[in-house]
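Derivation of every value follows stated rules applied to the coordinates shown; laboratory data play no part. The structure displayed is predicted, hence computed values, not measured ones.
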Amino acid sequence: MPDITEALYANKIVLVTGCMASGKTSMLIKSAKMLSNTWGTKPTAIRHNLDAGRTNAWESRNGDTWESVLSENTKDLISKLLVTPGLVIVDELQFFEPSQDLLDVLWKRQAIHRPTLLGGLNLDYLGKPFETTADVASVANLVVSLEARCTSCNKSARFTWKRPGDKHRIDVGFDQYEPRCYSCWKKD
């Protein structure tokens, strides 16, 4: 794992980002399991309740799972971050609204030696940055950017392509999104 463990031991803010199917959630769950074994305490995982439809547990595409707490919005996330001791892991950061208060709480957690690991999509299907992910990237001590394999040509993919139809910026689910390289994302 690229310096994630070392950064968290130093009570840093770590962001894992990338396109759909790049392995963000898998990396977060793997980190949670490893740190739980090493530290002897179980990290608290938080995800937006928009992501609750698949299962009660936090689940990656490859089948890894971890118990998680749901959060309704950014204000609720902030309150959970303020009261939760130890390592907190937040997934699906793009579902939360941008907030300076969130950034302030991340800095506060770091100042009182509470590491935070966050994961979220980098760009929407139009290629526009998700504001909350971008804001957290600006304050994170470590940003790990993951890539997937393009479902059209198998090259390295950094973009999320959405099947034609619904034009909502966020739709929950795997089946309408695919990782794409720039060329394949742009042509479709």
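Please compute the volume of the convex hull spanned by the alpha-carbon atoms of the range 62-138 and report it per residue in Å³.
107
Suppose the chain between S145 and T38 were pulled fully straight at 0.36 nm per residue; how much longer would it get relative to their current alpha carbon spacing?
36.1 nm
How long are the semi-axes of the ellipsoid equivalent to the chain, from square roots of 5 times the Cα gyration tensor eigenvalues, in whole Å, largest first?
Listed largest to smallest, the semi-axes of the chain are 27, 17, 16 Å.
Assuming 0.36 nm per residue, please report the length gained on full extension of the stretch D104 to K155 beyond their Cα-Cα distance.
This chain segment gains 14.5 nm when fully extended.
Size of the range 107-188 along its principal axes in angstrom, Cα-based, largest extent first?
That gives 47, 27, 19 Å along the principal axes, largest extent first.
Given Cα pairs under 8 Å that are at least 6 residues apart, what percent is the relative contact order of the chain?
Once divided by the residue count of the chain, the mean separation gives 29 percent.
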